[in-house]
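Some notes on the structure that comes next.
The values are calculated or read from the model by the stated rules, or taken from the named source; none is laboratory data. Bear in mind the structure is a predicted one, so any value in this text is a computation, not a measurement. Don't worry about glycine lacking a Cβ; one is built from the backbone with ideal geometry, like all the others, and counts go over all protein chains shown.
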Amino acid sequence: MKDDVVLRVVAKLLVPFILLFALYVQFHGDFGPGGGFQAGVIIAAAVIFYAIIFGLPTARSVVPDWLVEAMVAAGVLLYLGVGLAGILLGGNYLDYFVLGATPVAGQHRGIFWVEAGVGITVSGVMLKIFYMFAARARDK
């Protein structure tokens with residue numbers, strides 16, 4: 001598919017909109033359906049779509065393995081950090097109400113950061129799984 005001009009142009013047009021939709025799902029997750037898991041999968045789907053059209057080596061140059069592995073770790077650490085911040089501020093683990101000036105502001109802030117951590121981790125894990133399976137298929 002690397003040589004198909006129409007697919008390459010369509011992919012270059014669609015990928016930014018897919019990523020924009022993922023951001024919408026991520027940031028709308030506080031107020032309705034959506035959130036970190038769904039946004040992470042959509043981000044990974046955009047990169048996988050890019051890899052299918054332009055080839056795995058090109059996708060790995062855009063989103064390298066070290067970045068994918070760092071995303072997995074960073075998302076988990078962000079989630080953990082929110083939980084520990086709740087403890088350090090006098091609440092329980094993942095007690096969001098202590099994270100803001102008012103309990104409502106704390107809930108909003110805590111959910112935002114936890115969902116961000118989930119989104120980062122999910123997109124990293126999905127991409128790592130894809131990279132591993134795609135590289136295995138290329139070796140055969």
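Quick notes on this one:
- Only one entry in G117, G75 is touching a Phe, Trp or Tyr at 6+ places or on another chain (Cβ under 6 Å), modelled with pLDDT of 90 or more and among the small types (G, A, S), namely G117.
- Region 12-44: number of residues that are more than 18 Å from S123 (Cβ to Cβ) and either among the basic types (K, R) or crowded, with 17+ Cβ neighbours inside 10 Å (or both): 1
- Residues of region 87-113 that turn out to be small (G, A, S) and farther than 22 Å from Q26 by Cα, as a count: 3
- Output for region 95-137, where each listed residue is touching a residue at least 60 places away in the same chain (Cβ under 8 Å), touching a Leu at 6+ places or on another chain (Cβ under 8 Å) and farther than 30 Å from I53 by Cβ: V114
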